[in-house]
């Protein structure tokens with residue numbers, strides 16, 4: 001019977017890093033490695049009731065062989081068809097529960113889908129239930145329905161990126177980067193943009209700035225927090241950890257965190273709220289007004305993204321404008337370039353942002 005150690009050549013069969021040159025791993029390869037029939041592999045990896053016909057030992061043997069050989073259904077589909085599907089996949093985190101209510105995602109999708117349509121490509125949208133479970137999620141994205149993937153904000157510590165590289169699936173990261181030189185990406189300089197925004201607030205005389213940030217697993221969230229810290233260091237102003245939270249980019253976070261912060265004793269409460277996104281800022285502004293605080297006379301507030309509602313706030317929200325549609329367009333073009341050339345480009349595009357000064361920042365009360 002074939003064992004993993006008796007077939008060491010598989011690990012070195014596919015050394016070429018360029019797309020399309022790597023020999024596709026087939027069901028036959030997995031069957032030979034596991035010492036079972038091709039039909040057995042097909043039935044076990046296909047899941048469902050058919051896999052129950054086999055013993056736990058056989059199922060584990062096949063699954064381990066498929067994992068070791070980095071077998072994915074997409075490899076089989078490409079080997080059989082040898083043709084383009086003319087379809088691009090866009091993978092979103094499940095945290096975006098309502099696409100229509102999220103201007104950030106809508107902007108990215110508008111840009112990417114416009115490019116795809118102009119290039120005769122269809123678009124399929126996937127939701128990633130768990131970024132950290134590549135073994136479960138990557139086969140769903142790479143099942144032969146798409147020619148490549150646009151990955152929107154995968155978690156920093158996710159194994160999905162490395163799995164896509166191993167599977168040689170063309171992809172582009174949006175709002176994230178990967179150290180591997182093959183990984184193409186589109187992003188902004190979140191740290192520099194937030195540093196400029198926070199510096200603007202500090203220069204008005206504030207010394208107690210709360211920070212309502214995103215999840216620490218998010219690249220944009222960690223970079224924006226770094227910008228917040230660098231601005232304080234630049235002006236030699238200490239940071240109070242009690243004024244910092246990282247609970248996600250959500251309206252409800254703005255509501256709950258602002259209630260907590262403004263319940264602090266007056267001498268400890270923040271005089272300005274730095275929100276990691278506009279949605280959080282809108283929730284915070286709602287609570288400030290309900291509590292009787294004037295913006296910016298009593299409390300200043302800023303956002304990040306410049307969604308349409310930011311300008312409608314009274315007064316208008318000071319924020320950072322992101323080129324959301326352009327990011328989607330750039331990601332789609334980078335991906336299609338890889339698919340057309342059948343090779344990794346490793347291109348990393350950093351798009352410019354703009355500091356938008358409106359009416360929500362002023363000197364702290366009493367100054």
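The values are calculated or read from the model by the stated rules, or taken from the named source; none is laboratory data. All values reported here derive from a predicted model rather than from experimental measurement. In this analysis, Cβ positions are derived from the backbone assuming ideal geometry, glycine residues included, and neighbour counts consider all displayed protein chains.
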- Message: Within the range 74-93, take every residue that is under 24 Å from the mean Cα position of the chain (by Cα) and at pLDDT 60 or above and give me the one that is farthest from residue 334 (Cα to Cα).
- Response: 93
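Okay, residues lined up against (1) over 20 Å from the mean Cα position of the chain (by Cα); (2) under 24 Å from residue 109 (Cα atoms):
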site	(1), (2)
166	no, no
172	no, yes
177	no, yes
180	no, no
183	no, yes
196	yes, no
199	yes, no
204	yes, no
223	no, yes
- Message: Looking at (1) in contact with a helix residue (DSSP H, G or I) (Cβ under 8 Å, 6 or more places away or on another chain); (2) part of a helix (DSSP H, G or I); (3) more than 30 Å from residue 171 (Cα to Cα), which one does residue 333 not meet, given that it meets all the others?
- Response: (3)
- Can you confirm whether the range 194-215 contains a residue that is at pLDDT below 95 and buried (at least 24 other Cβ atoms within 10 Å of the Cβ)? yes
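Need at least 3 residues that are on the phi < 0 side of the Ramachandran plot and outside the structural domain of residue 341 (by TED's automatic domain parsing) per element, so show me which helices (runs of 4 or more DSSP H) inside the range 141-235 make the cut, counting only ones lying wholly within it.
Passing ranges, in order: 190-202, 219-234.
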- Looking only at the range 153-181, which residues are within 15 Å of residue 343 (Cα to Cα) and either at pLDDT below 90 or surrounded by 24 or more Cβ atoms within 10 Å (Cβ to Cβ) (or both)? 164, 165, 166, 167, 168, 169, 170, 171, 172, 180
- Name the residues in the range 282-308 that are within 23 Å of the chain's Cα centre (by Cα), touching a residue at least 60 places away in the same chain (Cβ under 8 Å) and not in a loop (DSSP other than H, G, I, E, B), would you? 302, 305, 308
- Task: Assess whether residue 224 counts as being at pLDDT 95 or above and under 28 Å from residue 176 (Cα atoms).
- Result: yes
- Query: Looking at (1) within 30 Å of residue 25 (Cα to Cα); (2) surrounded by fewer than 21 Cβ atoms within 10 Å (Cβ to Cβ), can you tell me which one residue 184 breaks?
  - Reply: (2)
- Message: Being without any contact (Cβ under 8 Å) to a residue 60 or more places away in the chain, assigned by TED's automatic domain parsing to the domain that holds residue 244 and closer than 20 Å to residue 212 by Cβ narrows it down to one residue among 358, 260; which is it?
- Response: 260
- Of the numbered conditions (1) in contact (Cβ under 8 Å) with a residue 40 or more places away in the chain; (2) surrounded by 18 or more Cβ atoms within 10 Å (Cβ to Cβ), residue 227 fails exactly one; give the number of that condition. (1)
